[in-house]
Structures are given as structure tokens and as C-alpha cells.
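Please read the structure below before turning to the comments.
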Amino acid sequence: MTSSAAPPGIRLGLRENWPQFSLLVLVNAFVGGMVGLERTVVPLIGSEEFKISSTTIVVSFIVSFGVVKALANLVSGHFADIYGRKHMLILGWLVGLPVPFMIAWAPSWGWVIAANALLGINQGFAWSMTVIMKVDLVGPKSRGLAVGLNEFAGYLSVGVTAFLTGYIAQRYGLRPEPFYLGIVYAVLGLALSVLLVRDTRQHVALEISRHAAGTETLGFWQVFRRTSFGDRNLFAASQAGLVNNLNDGMSWGIFPLFFAGFGLGVERIGILKAVYPAVWGVFQTVTGPLSDRWGRKGLIVAGMWVQAGGLLLTACTESFGWWLLASVVLGLGTAMVYPTLIASVSDASHPSWRARSLSVYRFWRDLGYAIGALAAGIMTDLFGASWAIAAIGALTLGSGTVVAVLMKESRE
């Protein structure tokens, strides 16, 4: 990373940097809202407006999103080290601006798939930068708290927006009214990023100067190999992240169709789709700081197993009440896992290449969206949605076991 020594006045810590930290929390709420636009409504647009009968084709918009977001994640940390975090954040918002317009007035399903490719770039750059910048600001002692607050803002916004779009769609139709929210999110997110956000590379320079191991120079592919499989903690985190988003991608694409198949209306589907990310978002404010105190491994293992329980409960029941409970359980499990995995990757990475390591982790994690949606779509077409959901639940259980076997606590 090319950056000069930190000037006087630059300090690490949440209290010392709370104005910028709070601003980044708000910005990430708008980033999360862009994804929340799609959680309830878009699968139903495919099946009801475009009359697509194949579940695999309906979830193709998640495949395009997941693949493109994973690739954007992979390069975002590298570009952030070269060009600065703020520039990458602004780029993410510029690419995301057309997304709500394209989906709201799409003349064909191909437009929705293309919009989700742009949304993948938006999320890969904008969400990655808000995570990286918060970790830069707080330093090593409060990473779990920083990530927990970041993901709280993003996923609470996903949940609230999923509910609002379902509510609006029930009253005004699936398009275009629910997507007016996205236009507001994109404009405000871009404006705040351009006018008020400040870059954090000087905070990284300060942390490097204090790091006991000194500067550790690694090239991009060296970081990729170490994060993917060269370090047991980083490998354990990467595979768990992939499976976590694999089951999230499945729930994104399959759950609305699964619930609709039992006669649920779009508003009640919106409630179920909102509860999961809302619980996930809120409880990250607890689980992130807890991981700073208790350690990362136990929360990750338990969280993956709790997620598996929520998925199996969904697959084995046929009523709104049970599905609501399963959504709460799934949200709790994900809250235990999500910020803790990012903090564990930060723990195992030197500050000079931490942004790139987080980007590689997020590459594998968000590739899970595409794998989960595609696998679940194929299984649903062949065996039915209940079998697809149960199979992904079993895989999630196995992933938690891998973390239990391989990961070691390694915190500063």
C-alpha cells in the first residue's frame, strides 16, 4: 500500500473518530437498502409479471449479482490501496444509480439480470469500502464492534426495505412504486459519499507504524492464496462465509416462491423476508462486540449450526407462525457469524494487506450468492423447494463443523 506516514492529529479508536464512523454507518444503511429493494419483490416479478415457470431462471438475477459482486470484492481492496477508499466508494454509488430505474421499468427479464450485475458492482465497492474504512478508523481493539455496527446498519436497512417494498407492492403493484425507495437511497448515498466522507488511508499508516511485526509486503496473488487456503484461520473463515451467503442466496430466491406456493400474499411474504435480515442486523450490535471479548471461533461455529436449524425448521413446516420463528432463528445465527467472520479475517491479516485479504474473503463469501441461488433453483425444479432448503441446511451444519475443527483463536 502506498501511503505516507500519518500526520499529527490522526488517532485510532471509535470515540476518537465517531463523526466519520457514524457517517459511514448511515451510508451503509443506504447501501443495504439497495439490496433490500429486491428481497421480496423481484422473484415475484419474474414469476408473476414475466410468467417465468423455471425457478432456476427466476433466480438467475441473483447469480448475476453474486458473481459480479464477488469479482468486485476481489479487486476492491487492491484498488482501495492504490486509489483510496473514498474514490472506490463513490465509484460504487455511480454504478448503482441506474439500478432502481432499470428494474422498475424493465421491458424484459434480461434487463433485471443486467441491473443486478450493476448492483453487484455497487455492493462490491460501496459495502466493502464502508467495512474497510470502519476497521481502519477503530484500530485492532474494536474490530468486532466496528463490523457489527456496519453490518447492523446494512442489514437492518435490508429488512426494513424488504418490508416496505412488500407493503407498497401489496397496495400499488410490483412495479414501479416499490423502487422509488431505491432512487432516494442511491442519490443520498452518493451525495454523502462525495461531500462528507473522508479517506482513511492515513489511519492505516498509523496502525502500520505501531504494528509489532513491521511492514509485511505481499503481492495480490500471495494474499489471494493465503486467504483462500494458505492460512487455516483464513481458509476456515472463507469457506464459512461462502456457505453463509450460499444459504442467504437460496433464501433470497427460493423463500418468496416457497411461501407463495402455500398461498401467502406479498405483504406477509414481505414480513417474513424482513424479519430475517432485521434480526440479523440488530443482533450484530451485540455479537460483534461479544466476539472482541469472547473470541471468534465459538460464535462462528454456534452461529452456523443455529442457521442450519432455522433452515431445517423452514423446510419441515407449512405455516406462517413456524416460518416466522424460523426466520428469527436464521437471523440470530447469521448475526453470530457475519461480523465475527470479518473480524476474524482482520485478526489474521497484517494491516498492510488487510484490505486485500478482506476483499478475497468477501470474494469467496459473495460467490456463495450465485452458487446458492443456482444450486437451490436446480434442486427446486428437480425435487421441490423443501428438499432444496433442507439440503442447504445440512451443508451449513457441515460448514460450522469445519470451523470447529480448523480454526484457532488468534486475536491481538
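Every number in this text was worked out from the coordinates using simple rules, so none of it is lab data. All of these numbers come straight from a predicted model, not from anything done at the bench. With ideal geometry, Cβ positions are generated from the backbone for all residues, glycine too; neighbour counts draw on all protein chains shown.
Between residue 262 and residue 71, the simple spin-label model (points 7 angstrom out along Cα→Cβ) gives 3.8 nm.
Against the main long axis of the alpha-carbon atoms of the chain, helix 143-172 sits at an angle near 20°. Please compute the net charge surrounding residue 240, taking Lys and Arg as +1 and Asp and Glu as -1 over other residues with Cβ under 12 Å from its Cβ. Residues near residue 240 contribute +3 overall. Once both labels are positioned 7 Å from their Cα atoms along Cα-to-Cβ, the gap between residue 322 and residue 232 label points is 4.0 nm.
Taking the C-alpha atoms only, the angle from helix 354-383 to the longest principal axis of the chain is near 10 degrees. When the C-alpha to C-alpha distance is required to be over 26 Å, the pairs from 141/297; 69/273; 134/273; 141/408; 86/408 that qualify are 134/273; 86/408. Over the stretch 24-149, the pair-distance histogram of Cα-Cα distances with 10 Å bins from zero comes to 13, 40, 29, 14, 4, 0 percent, rounded to whole numbers. Using just its DSSP H runs of length 4 or more, each adding -39500 (n - 2.57), the chain gives a mean residue ellipticity at 222 nm of -26500 deg cm²/dmol after division by all residues. In the stretch 218-360, one over the average inverse separation of all distinct C-alpha pairs is 16.1 Å, which is the Kirkwood hydrodynamic radius. Loop-located trypsin sites (Lys or Arg not before Pro) in the stretch 226-331 (DSSP state not H, G, I, E or B) with no more than 16 neighbouring Cβ atoms inside 10 Å do not occur.
Go ahead and collect, in residue order, the members of the stretch 237-280 whose backbone nitrogen is under 18 Å from a label point 7 Å along the Cα-Cβ direction of residue 405. Flagged as within label range: 237-244. The candidate values were [x] 31, 27, 19; [y] 33, 24, 18; [z] 33, 26, 22; the one computed from these coordinates for semi-axes √(5λ) of the Cα gyration tensor in Å carries the label [y]. Computed packing ranks the peptides 280-286, 36-42, 380-386, 337-343 as 337-343, 36-42, 280-286, 380-386, most packed first, by mean other Cβ atoms within 10 Å. Summing charges over neighbours of residue 27, with a neighbour being any other residue whose Cβ is under 13 Å away from its Cβ, gives +4 when K and R count +1 and D and E count -1. Potential lengthening of the chain between residue 105 and residue 177 amounts to 24.9 nm, from the contour at 0.36 nm per residue minus the alpha-carbon distance. Spatial offset of the stretch 46-66 relative to the stretch 219-269 amounts to 18 Å, using the alpha carbon center of each.
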